[in-house]
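Engineer: First the structure, then my questions, so here it is.
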Amino acid sequence: MIGAGEDRMKTMIGLAAFLSLLAAPVMAQDVGGPPPPPAPAVETTAAAPEWRAVPAENLLVIDTTRGRILVELTPEVAPLHVERIKLLARRGFYDNVPWHRVIDWFMAQTGDPLGNGEGQSPYPDLKGEFTFRRDAAMPFAPVAEPAGARVGFFHSLPVQTQPDAAFALTGDGKVHGWGLYCPGVAGMARDEGNDTANSQFFLMRQAYPALDKRYTIWGMTVSGLDIVRSLRVGEGDNGMVTAEPDRMTRVRIAADIAEAERPGVRVLATDSPRFRTMVDETRASRGADFSVCDVTLPVQVTN
């Protein structure tokens, strides 16, 4: 049993404990005080744009009897040839010139004012630009990496290049690259000599890798490949069109067209997640037959 004295002692101890609770500091959260300061914001990187605008100065507008073709010029790959194409377009040299040689499953050729494959401009022939030099700052989006090489895109152009590891092994810190003759690629026609290109050029209707590093590539058709494939096909093995060939009615650089009438082109950015997803899906569907030529970049065209 607990005696009366013990009861009084317990009562006094209980009262002291109660008073000590009243004297204790009250925590802010117990009375709904201000919340603790927020955690520092996590720094995020803005997502890369999904689309890349083609500069008007590097957009060749080819109006034909079948419709309009738009070609993105690549001066980084073939500066001399791009300069010549711009010069001739701005001089009106290509206006009303026929597509004089068109071969199905191969290419469509034009740029000869005589229309028989023997004509050219009055300007000197050009030195071949079959390869170019790529450095680490040049935008390149790989889609495959076979042994000792990288295959992918520079802007809209399919290219192959030496691996990045070779940057450290060269005197100028650059590696070789070259365009690949996929459908839509723009190449320069020439005679037997390597340095004989002048004004004639061709647009690929289909892939033809036998031309790689043998004929200068200076651009890529970003809109109108269906027009290229609809041009009247020639006769015989040489594909010369002798009866009513289709023509380039007018050829201009987009920068020279009034802004209200100027076509604008946006190409899927090759550094975007959508591009990577598209490449992965294409590779999965093609399997062992996958090629960079299987990848068609989506394009948006205005005007």
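The values are calculated or read from the model by the stated rules, or taken from the named source; none is laboratory data. Keep in mind the model is a prediction, meaning the values are calculated, not measured. With ideal geometry, Cβ positions are generated from the backbone for all residues, glycine too; neighbour counts draw on all protein chains shown. Accessible surface areas use protein heavy atoms only, side chains included; no ligands, DNA or RNA. Shrake-Rupley method; radii C 1.70, N 1.55, O 1.52, S 1.80 Å.
Engineer: Which FRET efficiency, nearest 0.05, do ASP125 and ALA149 yield, Cβ-Cβ r, R0 51 Å?
Structural biologist: Once rounded, the FRET efficiency stands at 0.95.
Engineer: Still on this structure, I have one more. Do me a favour and compute the ellipsoid semi-axes for region 205-269 from its Cα gyration tensor, root of five times each eigenvalue, largest one first, whole Å.
Structural biologist: 27, 19, 11
Engineer: In square nanometres and to one decimal, what's the mean projected area of the convex hull around the Cα atoms of region 156-303?
Structural biologist: 13.1
Engineer: Order ARG134, ARG266 by their accessible area, 1.4 angstrom probe, all chains in place, largest first.
Structural biologist: Sorted descending by solvent-accessible area, the residues read ARG266, ARG134.
Engineer: How big is the accessible area of ASP271 in square angstrom, nearest 10, if you roll a 1.4 angstrom probe over the protein chains?
Structural biologist: Taking all protein chains as shown, ASP271 has close to 110 Å².
Engineer: What would the Debye formula give as log10 I(q)/I(0) at q = 0.13, 0.19, 0.20, 0.27 Å⁻¹ for the alpha-carbon point model of region 144-208, no solvent?
Structural biologist: -0.50, -0.87, -0.91, -1.09
Engineer: Moving to a separate point now. From the square roots a ≥ b ≥ c of the eigenvalues of the alpha-carbon gyration tensor of region 50-89, which class results: rounded (a/c under 1.5), prolate (a/b over b/c), or oblate?
Structural biologist: Numbers: a/c = 2.54, a/b = 1.10, b/c = 2.32.
Oblate, since a/c reaches 1.5 and b/c is not below a/b.
Engineer: What's the ranking of 106-118, 152-164 by average number of surrounding C-beta atoms within 10 Å, highest first?
Structural biologist: Per-residue mean Cβ counts within 10 Å order the peptides as 152-164, 106-118.
Engineer: First measure r as the distance between the Cβ atoms of ASN303 and ALA243, then evaluate 1/(1 + (r/R0)^6) with R0 = 30 Å and state the FRET efficiency to the nearest 0.05.
Structural biologist: FRET efficiency, ASN303 to ALA243: 0.35.
Engineer: Determine the share of region 145-297's accessible area contributed by carbon and sulfur atoms, expressed in whole percent, with a 1.4 angstrom probe.
Structural biologist: 46
Engineer: How big is the accessible area of LYS127 in square angstrom, nearest 10, if you roll a 1.4 angstrom probe over the protein chains?
Structural biologist: 130
Engineer: Compute the length gained on full extension between GLN206 and THR170: take 0.36 nm times their separation in residues and subtract their Cα-Cα distance, giving the result in nm to one decimal.
Structural biologist: Numbers: separation 36, 0.36 × 36 = 12.96 nm, distance 3.48 nm.
Full-extension gain reported as 9.5 nm.
Engineer: Placing +1 on the Cβ of each Lys and Arg and -1 on the Cβ of each Asp and Glu in region 126-209, which of PHE130, LEU203, THR170 has its Cα farthest towards the positive end of the resulting dipole?
Structural biologist: Positive-end residue among those listed: LEU203.
Engineer: Per residue, how much accessible surface does region 107-244 expose to a 1.4 Å probe? Answer in Å², no decimals.
Structural biologist: 43
Engineer: Sticking with this structure for a sec: How much accessible surface area, in Å² rounded to 10, belongs to the heavy atoms of TRP99 with a 1.4 Å probe?
Structural biologist: 0
Engineer: Find out how many positive minus negative residues lie around GLY115, taking Lys and Arg as positive, Asp and Glu as negative, among other residues whose Cβ is under 10 Å from that of GLY115.
Structural biologist: Combined, the nearby Lys, Arg, Asp and Glu give 0.
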